[in-house]
Each structure stands twice: as C-alpha cells, then as structure tokens.
Amino acid sequence: MKKIFIRSPYFIEVNEVGQTSAKIEVFLWNKGTTEPTTPNYTFSKPIPSPTQTKLEWNISNLAVAFIKPIAPINVSAPAEEEFDTWCYMKVVRYSDDVELDDETYVCLNGYNNYTSGYNQVTDADILPLFNLDIKNYVKDFDTNYVNFFLEIENYDTSYGYVDVTERGMWKFPILQATENVETDLFYAEELCEPKYTPIVCSFINRFGGWQFLTFFKANQQGIDATSKDYNLLPSSIDYNPLQGQKQRFNFQGKQKVKCNTGWVDENYSELIQDLLLSQVVLLDNKPAIVKSQSADIKTHLKDRNINYEVEFEYNFGLINDVI
C-alpha cells in the first residue's frame, strides 16, 4: 500500500478525454475504527477550458485532524504504536460523475525533501521511520525505541519472529548496541554521564515516527514572566501610602531551558533539523516548544568537537489557568 507524508503536498489528478468536470471523495479513518460509509470530504470543479481538462487536488492536509500523536509509550518488546500516529485515506475519483477508481493510502505525519520533486510516495513493505545512517547516543536502552511501518508478514528480527497480521506502525525497543529488522540496521550507544543530569527529548521526526535525542551535558534553566498593570484609584483623599498607585494582573510564567547534546557525530545535524521542524516535542515527557530558530551545521574539519545547543520552552504555564 502506498504511504504518503502529509506535511508535504500530494495531488490527486483527474484528466479524462472530453470531461467537463471532475470530483473526488475522501474517506479518512484510524486503525481500530471502521471505514466510514460516507465521505469525510467531497470536492468537485469544472474544467478551466475545453483545452485544459486536467484537474488536481492536494489531499495531504485533509488527514491532519486524524493524526494526533501525544507522547511515546515505551515497551520492553516489539509492539504496535498508538493508532493516532497515522491514519488511512481512501480517495475515489470521478469524471463527469462516473466513478473511475479508488485507492487507499497510509498517511504518515512526516514531510518530503524539496529536491525529490512532485508527489513523493513509497510502497515499501518495511519502512523505517528514522534515519538509518545516524548513530544515536542514549542514556539507557530501556527508554528508547524506533518505529517501522510494516505490511502483513511474519518478520524474522533480533527479537524473534514478529507476526504482523494487520499493517501498522510498530515500535522496536533498542536493547543493545546493534539491532536489525530484516536488512535495515539502526545503531545506538549507551553513554554514562557522571556529572550532569541528561534530558531526553522525544519528538516526531521527518518520517512521522517517534525520535529520541538525549541532551547529556549542561543545561540552563530559566523563567519568563509577564503581566500587565493599571493605575489604582485611591480609596480616599487620605490614601494609604503603603498601597502604591499601581496593581499588576494577568500574571503568566513560562519555564525555559537550554540543552547541550555533548560531543556527537557530524550527521547529528539531521536530527537537529528534524527537531527544529517537529510539530510535537517533549522534554522528559513534558510538552515543549523549540525556541531555537536556527542551527549551524557543524563538521569535524571546521569545529573539531561537535556540540549542539538548543533552547526550549515548556508548553504550559507555571500558573494553572486552564478553564
């Protein structure tokens, strides 16, 4: 089945000889629920002119409401990922109200590179949802995993046979330095940090899977506070001078932190790019926003030892004002 990354456009085209109009119906659902009997969206439009009959629709953004990853849940053995990290989309094409065909896609919360061009798609049975070339440094193997999207098959893995009876996104814990699923390798090295308290950042990467990045070195905590003030009317002409003339209100506070990776490989710039562009980020399982808007790509030739510093803001207020 074709997999598309919904943070980049994917176009459906209808271009039949002699058509005067076209229509598509879009059906969306998550695994664990049933396919809807009526379309979630219906789009139709006439051809621009008798000589321009091609009509196109971008369907990627329609799946956004059905993909809502919140936080990773670690496991000690291979298991299915939460169903809200991806969804199904079926598109039915019509020309002049005559049904042409239908196709079902797997929608992943990732993006494509510009240089690879128009309508990028993959139909791989084993789709790693992480960068295979990056060696990851972890605080401990028990709190990290990688995602694969797997079609129906019985897979021979380092964990034994994994029987996938329904396609879906799977998570494989990192239990040792090198693990493999079929021929796809991923690498991790466990580091002991004796001085600082490591911070684990989990985020959705460019492939739509959970990625774990550990900041091992020094971190700097801070608080940003905001408020507004207004002038008070004195209670009487004979006012109390201890009261002051202004009152502050609408207090808000946010906690921020600057984190350092420690010495890493050159290709860690790929992880930093994914982190800066991620829509879902957590620090030690607390929701966060990446405040850093840029990062220099470092090399051993120029920078020798490579460390990345990233600034975050926790995505909640210090005062609970949820109503």
Flag if Lys298 is assigned to a loop (DSSP other than H, G, I, E, B), out of contact with any Pro (no Cβ under 6 Å at 6 or more places or on another chain), within 21 Å of Val138 (Cα to Cα) and of a type outside the set (Ser, Thr, Tyr): yes
Unique match (being crowded, with 17+ Cβ neighbours inside 10 Å and touching a residue at least 60 places away in the same chain (Cβ under 8 Å)) among Val281, Val257: Val281
Matching residues, the stretch 70-105, being closer than 30 Å to Phe203 by Cβ, in contact (Cβ under 8 Å) with a residue 24 or more places away in the chain and either surrounded by fewer than 19 Cβ atoms within 10 Å (Cβ to Cβ) or touching a His at 6+ places or on another chain (Cβ under 8 Å) (or both): Ile70, Ala71, Asn74, Val75, Ser76, Ala77, Ala79, Glu80, Phe83, Asp84, Lys90, Thr104
Hits in the stretch 216-237 (condition: in a strand (DSSP E or B) and either of a type in the set (D, E, K, R) or not assigned by TED's automatic domain parsing to the domain that holds Gln252 (or both)): Asp224, Lys228, Asp229
Matching option when the condition is surrounded by fewer than 18 Cβ atoms within 10 Å (Cβ to Cβ) and either outside any loop (DSSP other than H, G, I, E, B) or at positive phi (or both), among Lys3, Lys45, Lys23: Lys45
Residues being in a strand (DSSP E or B) and at pLDDT below 95 - total across the stretch 272-285: 0
Residue count, the stretch 63-95 (criterion: of a type outside the set (A, V, I, L, M, F, W, C) and in a helix (DSSP H, G or I)): 2
Candidate set: the stretch 147-161, residues that are modelled with pLDDT of 90 or more and assigned to a strand (DSSP E or B); chosen: the one nearest to Asp125 (Cα to Cα): Leu150
Number of positions in the stretch 227-280 that are of a type in the set (Ser, Thr, Tyr) and within 30 Å of Asp296 (Cβ to Cβ): 4
Qualifying residue in the stretch 115-127 (condition: over 30 Å from Thr53 (Cβ atoms) and assigned to a strand (DSSP E or B)): yes
Scan of the stretch 285-323 for residues that are farther than 17 Å from Lys256 by Cβ and within 18 Å of the chain's Cα centre (by Cα), ordered by number: Asn285
Positions within the stretch 129-162 being among the polar types (S, T, N, Q) and within 23 Å of Val106 (Cβ to Cβ), in sequence order: Asn131, Asn147, Asn154, Thr157
Filter result (surrounded by 12 or more Cβ atoms within 10 Å (Cβ to Cβ) and not in a strand (DSSP E or B)) within the stretch 48-62: Thr53, Lys54, Ile59, Ser60, Leu62
Whichever residue in the stretch 1-21 is among the hydrophobic types (A, V, I, L, M, F, W, C) and touching a strand residue (DSSP E or B) at 6+ places or on another chain (Cβ under 6 Å) and, among such residues, is farthest from Cys87 (Cα to Cα): Val14
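The values are calculated or read from the model by the stated rules, or taken from the named source; none is laboratory data. Please read these numbers as outputs of a predicted model, since none were measured by experiment. Every residue, glycine as well, gets a Cβ built from its backbone with ideal geometry; the counts of neighbours run over all protein chains shown.
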